[in-house]
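Colleague: I have a structure here, written as structure tokens, and I will follow up with some questions on it.
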Amino acid sequence: MTEQKNNKKKICFVIQRYGREVNGGAETYCRELAEKMAEAYQVTVFTTKAVDYMSWYNTYPADTEEIGGITVRRFPVEHPRRQAVFDAINGRFLNGALHGHTGEDSWFEAQGPYCPALLDALRAAKDEYDAFVMCTYLYYQTVYGTAIVKEKAILVPMCHDEPFLAMGRIQELFSQPAAFFFLTEAEQRLVQARFHTEGVPAAVGGAGVDLPATVDAARFRKKYGLTGEYILYAGRIDEGKGCDEMFRFWQAYRARNPAATAGLTLVLMGKAVIPVPQQADICSLGFVSEEDKFDGMAGARFLLLPSRFESLSIVVLESMRLGVPVLVNGNCEVLRDHCRQSGAGLYYQNYREFEAAANRLLADAALYAALCKNAPRYVEQRFQWGVITQRLAGLIENLGNAQNAQNAQNAEHIENIENIENIENIENSENLKKGPDAGAPESETRQKGVDAQ
């Protein structure tokens, strides 16, 4: 078994946080993809010792551990995020007052995780691995690490249209990788339009959706004492995820539609970064287990996702896989595409549209049944791990072929130089034996003598 593992190509995933305790869509996606790729490759992960992205405290004590059969190497963050410092620097950026690489470097260090030791490890290991899968574009390890391994780097940007794409460092980043692995067609369109990467090898992968062996909505209701219908939000409870707007819309919706919303609850799953309104019709559960997450999704009337900035949204796909429709923020192109392509959800771009869509999901039985029927079919057809891993493997193998071709070209070039040098050495040696005028025509030799006189 060890010999078989050693014969596999070696790939390294690089990401800011990694572990089963980590709450984040990008990090969960990276972990699941790495575990799937380990079936065909020898996989290692380079990451930090942080669990929490707001503080970047070094929580994991070990430098190396095994998770899901994968070796995870952890490097210390040099200092935690100083929120006041970051807010000030970020404010300067958003106001157009942060200029040049020096200013942007201060932004990336302040945002965190500032981890130079991880970059040192990349330098030391760049010849050891066949490919480096650099996950999420906006963090220190990707912005500065991709250049170190660019000939072997596959960038998984997980990006959406936001102001940070205008940074000089980000423009440099998107010019560096040997290949791109996108989550959606919308993300690929965005990157190609902004950075003109059409000539760089790329694939659209997405994420697979694995359901647990048993999903039990009644179990969830009993555990948390839910008796009526509920709408579910799953994810980090944060302004960046649109949760402040979600709370405002929910309160207005309840006030304007008392009969339609009688007994209806907004259930929240995820860590709260902003305050959650303390009212009877909002139930905040905090971080929940995978069992509770899927049980809760299965029992929801629909999943609500208010974020404007999503590069894929695993929870939308999981909800659809369970046959539960979604209501999403239509200002996000990725989420809008999911609804249009699946026929399994509605979207809104302002409060009036939110209210109208929510009412239809609650009252229009024919529409609701059609959305429920379409939802699992969309995911089953487009988001299967087997297809996704094959596409990433194709990029990895092409990297190897391109590198072998480059090595062969370099070797041929060196051989040609050596042959030329050998020929010149032989000719020079023959000329030295015959004298300085050896090989010249007799008339030329005589003319030289005349001129010399």
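Colleague: Taking the condition of being more than 15 Å from Val22 (Cα to Cα), of a type in the set (Ser, Thr, Tyr) and buried (at least 20 other Cβ atoms within 10 Å of the Cβ), how many residues in region 32-66 meet it?
Modeller: 2
Colleague: Follow-up. Considering (1) surrounded by fewer than 19 Cβ atoms within 10 Å (Cβ to Cβ); (2) under 29 Å from Leu392 (Cβ atoms), say which one Arg92 fails and leave the rest.
Modeller: Among (1) surrounded by fewer than 19 Cβ atoms within 10 Å (Cβ to Cβ); (2) under 29 Å from Leu392 (Cβ atoms), Arg92 violates only (2).
Colleague: Find the residue count for region 193-245, including only residues that are without any contact (Cβ under 8 Å) to a residue 60 or more places away in the chain, more than 26 Å from Val387 (Cα to Cα) and crowded, with 16+ Cβ neighbours inside 10 Å.
Modeller: 3
Colleague: Being in contact (Cβ under 8 Å) with a residue 40 or more places away in the chain, among the aromatic types (Phe, Trp, Tyr), surrounded by 14 or more Cβ atoms within 10 Å (Cβ to Cβ) and out of contact with any Gly (no Cβ under 6 Å at 6 or more places or on another chain) narrows it down to one residue among Phe86, Phe108; which is it? If you could, list the steps in order and put the result at the bottom.
Modeller: Values: Phe86 fails: in contact (Cβ under 8 Å) with a residue 40 or more places away in the chain.
Result of the check over Phe86, Phe108: Phe108.
Colleague: All but one of (1) assigned to a helix (DSSP H, G or I); (2) under 30 Å from Leu362 (Cα atoms); (3) more than 17 Å from the chain's Cα centre (by Cα) hold for Ala186; state the number of the condition that does not hold.
Modeller: For Ala186, the exception is condition (3).
Colleague: Can I ask one more? Within region 320-354, take every residue that is at pLDDT 95 or above and of a type in the set (Val, Ile, Thr) and give me the one that is farthest from the chain's Cα centre (by Cα).
Modeller: Across region 320-354, the extreme among qualifying residues is Val324.
Colleague: From the residues in region 289-327 that are under 15 Å from His338 (Cβ atoms) and acidic (Asp, Glu), which one is surrounded by the most Cβ atoms within 10 Å (Cβ to Cβ)?
Modeller: Among those that are under 15 Å from His338 (Cβ atoms) and acidic (Asp, Glu), it is Glu310.
Colleague: Let me ask something additional. Considering only region 368-386, how many residues are aliphatic (A, V, I, L, M), touching a residue at least 24 places away in the same chain (Cβ under 8 Å) and surrounded by fewer than 19 Cβ atoms within 10 Å (Cβ to Cβ)? First the steps, then the outcome.
Modeller: Looking only at region 368-386, we keep the residues that are aliphatic (A, V, I, L, M), and these are 369-371, 375, 379.
Now restrict to residues that are touching a residue at least 24 places away in the same chain (Cβ under 8 Å): 370-371, 375, 379.
Checking which are surrounded by fewer than 19 Cβ atoms within 10 Å (Cβ to Cβ) leaves us with 370.
The qualifying residues number 1.
Colleague: While we're here: Just to be sure, is Lys152 charged (D, E, K, R) and touching a Phe, Trp or Tyr at 6+ places or on another chain (Cβ under 6 Å)?
Modeller: On the way: charged (D, E, K, R): yes; touching a Phe, Trp or Tyr at 6+ places or on another chain (Cβ under 6 Å): yes.
So Lys152 passes the test.
Colleague: Here is a follow-up. Is it the case that Gln251 is without any contact (Cβ under 8 Å) to a residue 60 or more places away in the chain and loosely packed, with under 13 Cβ neighbours inside 10 Å? Walk me through it before giving the result.
Modeller: Numbers: without any contact (Cβ under 8 Å) to a residue 60 or more places away in the chain: yes; loosely packed, with under 13 Cβ neighbours inside 10 Å: no.
In short, no.
Colleague: Modelled with pLDDT under 95 and in a loop (DSSP other than H, G, I, E, B), is that true of Leu138?
Modeller: For Leu138, the condition - modelled with pLDDT under 95 and in a loop (DSSP other than H, G, I, E, B) - is not met.
Colleague: Of the residues that make up region 162-172, is at least one within 18 Å of Ser311 (Cα to Cα) and surrounded by 23 or more Cβ atoms within 10 Å (Cβ to Cβ)?
Modeller: no
Colleague: A further question follows. Given the conditions (1) in contact with a Phe, Trp or Tyr (Cβ under 7 Å, 6 or more places away or on another chain); (2) without any contact (Cβ under 8 Å) to a residue 60 or more places away in the chain, and given that Cys12 satisfies all but one, which numbered condition is not satisfied?
Modeller: (2)
Colleague: Kindly establish whether Glu291 is under 27 Å from the mean Cα position of the chain (by Cα) and within 21 Å of Ala218 (Cβ to Cβ). Let's see the steps before the verdict.
Modeller: On the way: under 27 Å from the mean Cα position of the chain (by Cα): yes; within 21 Å of Ala218 (Cβ to Cβ): yes.
Yes; evaluated as a whole, the condition is true for this residue.
Colleague: To continue, here is another question. Ala365 fails exactly one of the following numbered conditions: (1) surrounded by fewer than 23 Cβ atoms within 10 Å (Cβ to Cβ); (2) under 20 Å from Arg236 (Cα atoms); (3) among the aliphatic types (A, V, I, L, M). What is the number of that condition?
Modeller: (2)
The values are calculated or read from the model by the stated rules, or taken from the named source; none is laboratory data. Keep in mind that this is a model prediction, so the values were computed, not measured. Positions of Cβ are generated from backbone atoms using ideal geometry, with glycine treated the same way; all protein chains shown enter the neighbour counts.
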